[in-house]
Every structure is written in structure tokens, then in C-alpha cells.
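Asker: Take a look at this one; I'll ask things after.
The values are calculated or read from the model by the stated rules, or taken from the named source; none is laboratory data. Keep in mind it's a predicted model, so treat the numbers as computed, not measured. Note: ideal-geometry Cβ built from the backbone for every residue, glycine included; neighbour counts use all protein chains shown.
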Amino acid sequence: MRNILSLHQNQKQQDVLQLDNQACFALYALSREIINHYRPLLDELDLTYPQYLVLMVLWEHQPQTVNQLGERLRLDSGTLTPLLKRLEQKKLIVRTRRSSDERVVEITLTQTGKELKNDAIEIPAKVMQSMNVTMEELSELRSIAQKLLEKSGRGCLAATKVN
């Protein structure tokens, strides 16, 4: 009996390392798949997916500081700064130093950046259609993903406070 239990435990340990049993791989593959559905639509607007995300945050509320954008998009400044430079070269945003504190850089949309929203408004529906998913399925996925992100974020903060 002991050998059978030991064999069962070994099998369970091996199953843990199978790629198809990894939630992180499924999320990684899905993320890449979703972005691939966005790509041709964003190509028409001469945008990358990360640039599109920055614009979505700014379409919601502007101005945003670089730090606020980084927090909202979960990107560090080393990733965000070149992205913002490219958006500025495309004349979609303006970066200005805050007069009260020149260390703070504020990001605002140009008129062209504001107008681009009209061209982008159909993108989410087109992506849903190309992926053959319903609003309910995406809503459920987003809800679970946000819940896991919140848990993960709290875990990191708790670990940081202990150290």
C-alpha cells in the first residue's frame, strides 16, 4: 500500500511540472494571442499595443505623470520612457516638466492624440469578434485576472513590509 501511495505522490509531483498544468503558461499564451488580434488593427493606427495602452489611460484622464502611468500600466520608467518618446515623436502626446517640481514629468494628449480615440473606438469590438468571444466571457476573464493581480500585489507589499 505504501508503494502505491508513494507512486501516486510521485505522479502528482511530475504532473505539477507539465506545461499544460501551468496556469501561468495558459495566461502567457492567451495574452500573446489577444495581442496578435490587436496587432493588425493597431498597425492601421501606427501604434504598438503598449502605446495603445498609454493612450487609453490618457483618454480616460489627463494629465498623467510618468509615475502615475507606470503604476496604472504596471510598467517601470525604463520601459515607459522610450515608449513615451515614440508617442511624442508621433505627435500624439506632449511631455512637460511640472513648474512646481521639475522632477515630475506630466503627459498630455495633443489634438491628434485626442482625435485618434475616434479611430480606435471600434478596436475592442473588432478584437472580440475576431477572437469569437462574448462580452460575458471577457468580463469573467477580466474579473478573475484583476482578482489575481490584486492578490499578487498585496503579497508583494506584505513581503516588502516584513523585510
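Asker: Please state which of the following conditions LEU7 fails to meet, knowing it meets all the rest: (1) modelled with pLDDT of 65 or more; (2) in a helix (DSSP H, G or I); (3) more than 27 Å from LEU141 (Cα to Cα).
Answerer: Here LEU7 meets the rest and fails (1).
Asker: Any idea which residue in the stretch 61-105 is surrounded by the most Cβ atoms within 10 Å (Cβ to Cβ), counting only those that are within 17 Å of the chain's Cα centre (by Cα) and among the charged types (D, E, K, R)?
Answerer: ARG72
For every residue, the table says whether it meets (1) aliphatic (A, V, I, L, M); (2) over 21 Å from LEU58 (Cβ atoms); (3) modelled with pLDDT under 95; (4) not in a helix (DSSP H, G or I).
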site	(1), (2), (3), (4)
THR96	no, no, yes, yes
GLU102	no, yes, yes, yes
VAL105	yes, no, yes, yes
THR108	no, no, no, yes
LYS114	no, no, no, no
ASN118	no, no, no, no
SER139	no, yes, yes, no
ARG142	no, no, yes, no
ALA145	yes, yes, yes, no
